[in-house]
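Engineer: Dropping a structure here in C-alpha cells format, bear with me for questions.
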Amino acid sequence: GTISSTMAVPGLSSLSHSQTPIVKVALTPNRYPDMAALLEGLRLLQQADPNVEVGVTKSGQHVIVTSGELHLERCLRDLNTRFATGIKFQVSKPIVGFRETILPQLKRKKVLNEGGEKDVDIKPLSRIDQEDAYRENQSKKQERK
C-alpha cells in the first residue's frame, strides 16, 4: 500500500505507466577498458528510470531506448553526471523506429503505351523494397563520383 499522513490518498501501487520507448541510440566507450564502468552506469540508469530500456543488439552494440529525444537527452546527462561519471563515450545518431503507418488504398490509373490504354494498379512500396531502392540509388550516386 501507500503510506500517507491522510486517508484521502489513492494507492500508488495501482497506477501504471504505459509509454513505449521509441528512440534508440548505441553507446560505445572511447576507451575499451571503460566498458565495464559504462555497463554499470547503464544498469543504474535503468534502475533509476523505469521508462528507459537498456540492451544489446544482435551485432553486440549496447543501446538505450527512450521515450523521445528530450528523454534521451536527460538520460545521457544523467549517465554523464550520476551513473558513469568520468567515462567518455560516443553516442550514435538516434534511430526512431516507425511502429504504425496508414497505407493508402490501391489506386487505378490509366496509362497510355504502344498497345493503347491500360489500367495499372499503383501501391506503395514495402519497407524492404524502399530500403533496396534507397541502397540502389546510393550506389548509383557513388558510381557517378
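Engineer: Please list, in chain and number order, the residues 5+ apart from Ile22 or on another chain whose amide H is under 5 Å from its amide H, with Hs placed from the backbone.
Structural biologist: When sequence neighbours closer than 5 places are left aside, the close amide H contacts are Thr66, Ser67, Gly68.
Engineer: Between Ala36 and Leu112, how many nm apart are label points set 7 Å from Cα along the C-beta direction?
Structural biologist: Label at Ala36, label at Leu112, 7.6 nm between them.
Engineer: Can you give the FRET efficiency to the nearest 0.05 for Leu70 and Gln90, using r as the Cβ-Cβ distance and R₀ = 30 Å?
Structural biologist: 0.90
Engineer: Multiplying the sequence separation of Asn80 and Gln47 by 0.36 nm and subtracting their Cα-Cα distance, what value in nm do you get?
Structural biologist: Extending this stretch completely gives an extra 10.3 nm.
Engineer: I've got another one for you. Students sometimes get this wrong: rank Glu114, Glu136, Glu40 by accessible area, probe 1.4 Å, all chains present, largest first.
Structural biologist: Glu114, Glu136, Glu40
Engineer: Can you list which of the trypsin sites (Lys or Arg not before Pro) found in region 22-93 are DSSP loop residues with at most 12 other C-beta atoms within 10 Å?
Structural biologist: For trypsin sites (Lys or Arg not before Pro) across region 22-93 that sit outside H, G, I, E and B with at most 12 neighbouring Cβ atoms in 10 Å, the list reads Arg31, Lys58, Lys88.
The values are calculated or read from the model by the stated rules, or taken from the named source; none is laboratory data. Note that the structure is predicted; figures quoted are calculated from it, not measured. All Cβ positions, even for glycine, are placed from backbone atoms using ideal geometry, and neighbour counts span all protein chains on display. Surface accessibility is based on the protein's heavy atoms, side chains included, excluding ligands, DNA and RNA. Shrake-Rupley method; radii C 1.70, N 1.55, O 1.52, S 1.80 Å.
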